[in-house]
Amino acid sequence: MTQKTAEIFDLQGKATGKIELPAVFQTPIRPDVIKRAVLAIQSNRLQPQGRDPMAGKKTTAESRGTGSGISRVPRIKGAGRAALAPFTVKGRQTHPPRAEKIIIKEIPKKEAKLALTSAIAATAKREYVSGRGHRIDEVAGLPLVVDNALEGLTKAKDVADAFSKLGFDTELVRVRESRNIRAGKGKRRGRKMKQAVGPLVVVADGKNLIIAASNIPGVEVTAVANLNTEMLAPGTHPGRLTVWTNGAIEQLSTLYGGSKA
């Protein structure tokens, strides 16, 4: 049975009261629907690719047929260099990408909402959060609700101190130690470094906190109104370690208060 209340912690990591959790935290966990929603979000970031239909074909190359003691690949007239055929120098591609290919995956609105509410509910399940690899042995409880004072922090040092008091030391060490150089060509394409996903902080309105926490590796801050399934389930896997402020929980009741299934 899902718990109906959660403790509110201050920036020193001490419980100061309790808050009633909205019904959205009782939504059944649906990893299959969450995966569909995340893939739909990711597909909307893809840019269609295509090739010029005449690419590699603007040449006089023709095959000379048999009987010359050479292969029958098309060769440029007046020269012996092969062209036109796939795998020849400046030849056409075998199966080039088509610009008209449908690469965006669609998902019904009701299913997308179910995925989001299900991902929210997964943040309160210890087995899902630990299953993603988050270090939560020192975290007081899930869902972790913190006083609204967290939104007023303006310095990265203060945010780091608050996270330390809330039991995030081992989690932040895990993120820092995971940082390494990406394998493959991606390192030459503006994404040289790769690191694990850290905690997500959901606030009611914390513009200062977003700036202050940006220097802490792995930490992401978002307003509750801007939540999406990918933030809560990176890589399609639900159960991201999430910190909710008191005000964010109250807004969550307004946005998804009646969602149970």
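The values are calculated or read from the model by the stated rules, or taken from the named source; none is laboratory data. Since the model is a prediction, treat every value here as computed from it, not as a measurement. For neighbour counting, all protein chains shown are included, and Cβ atoms are generated from backbone atoms with ideal geometry for every residue, glycine included.
Which residue out of Ala124, Ala196 is farther than 21 Å from Ala6 by Cβ and touching a residue at least 60 places away in the same chain (Cβ under 8 Å)?
On the way: Ala124 fails: farther than 21 Å from Ala6 by Cβ.
Sole residue among the options that is farther than 21 Å from Ala6 by Cβ and touching a residue at least 60 places away in the same chain (Cβ under 8 Å): Ala196.
Show the residue pairs meeting these rules: Cβ distance below 8 Å; 6+ apart or different chains; first residue within region 25-54 and basic (Lys, Arg); second residue assigned to a helix (DSSP H, G or I).
So the pair list comes out as Arg30/Leu114; Arg30/Ala115; Arg30/Ser118; Lys35/Thr236; Arg36/Glu111; Arg36/Ala115.
Does Asn215 count as closer than 18 Å to Pro234 by Cβ, out of contact with any Ser or Thr (no Cβ under 9 Å at 6 or more places or on another chain) and polar (S, T, N, Q)?
On the way: closer than 18 Å to Pro234 by Cβ: no; out of contact with any Ser or Thr (no Cβ under 9 Å at 6 or more places or on another chain): yes; polar (S, T, N, Q): yes.
So Asn215 fails the test.
Looking only at region 1-50, count every residue that is β-branched (Val, Ile, Thr) and under 23 Å from Thr229 (Cβ atoms) and tell me the total. Can you show your working first?
Keep residues of region 1-50 that are β-branched (Val, Ile, Thr), which gives 2, 5, 8, 16, 19, 24, 27, 29, 33-34, 38, 41.
Right, trim to under 23 Å from Thr229 (Cβ atoms) and you get 2, 24, 27, 29, 33-34, 38, 41.
Total satisfying the criteria: 8.
Considering only region 238-253, I want to know if a residue exists there that is among the polar types (S, T, N, Q), under 18 Å from Asp158 (Cα atoms) and surrounded by 23 or more Cβ atoms within 10 Å (Cβ to Cβ). Steps first, please.
Initial filter on region 238-253 (among the polar types (S, T, N, Q)): 242, 245-246, 251, 253.
This time we only want the ones that are under 18 Å from Asp158 (Cα atoms), so: 245.
From what is left, the residues that are surrounded by 23 or more Cβ atoms within 10 Å (Cβ to Cβ) are 245.
Taking every residue of region 238-253 in turn, at least one turns out to be among the polar types (S, T, N, Q), under 18 Å from Asp158 (Cα atoms) and surrounded by 23 or more Cβ atoms within 10 Å (Cβ to Cβ).
Does Glu62 satisfy being touching a residue at least 60 places away in the same chain (Cβ under 8 Å), surrounded by 12 or more Cβ atoms within 10 Å (Cβ to Cβ) and in contact with a strand residue (DSSP E or B) (Cβ under 8 Å, 6 or more places away or on another chain)?
On the way: touching a residue at least 60 places away in the same chain (Cβ under 8 Å): no; surrounded by 12 or more Cβ atoms within 10 Å (Cβ to Cβ): yes; in contact with a strand residue (DSSP E or B) (Cβ under 8 Å, 6 or more places away or on another chain): yes.
So Glu62 fails the test.
Pick from region 224-261 the residues that are charged (D, E, K, R) and modelled with pLDDT of 95 or more: which of them is nearest to Glu111 (Cα to Cα)?
Step one: filter region 224-261 for residues charged (D, E, K, R), giving 230, 240, 250, 260.
Subset that is modelled with pLDDT of 95 or more: 230, 240.
Details: Glu230: 14, Arg240: 20 Å.
Checking each candidate, the answer is Glu230.
Suppose we keep only residues that are polar (S, T, N, Q) and at pLDDT 95 or above within region 28-58. Which one would you say is surrounded by the fewest Cβ atoms within 10 Å (Cβ to Cβ)?
Within region 28-58, the first condition is being polar (S, T, N, Q), and the residues that meet it are 42-44, 47, 49.
Filter once more, so that each one left must be at pLDDT 95 or above: 42-44.
Working: Gln42: 14, Ser43: 14, Asn44: 11.
If we take residues in region 28-58 being polar (S, T, N, Q) and at pLDDT 95 or above, then Asn44 is surrounded by the fewest Cβ atoms within 10 Å (Cβ to Cβ).
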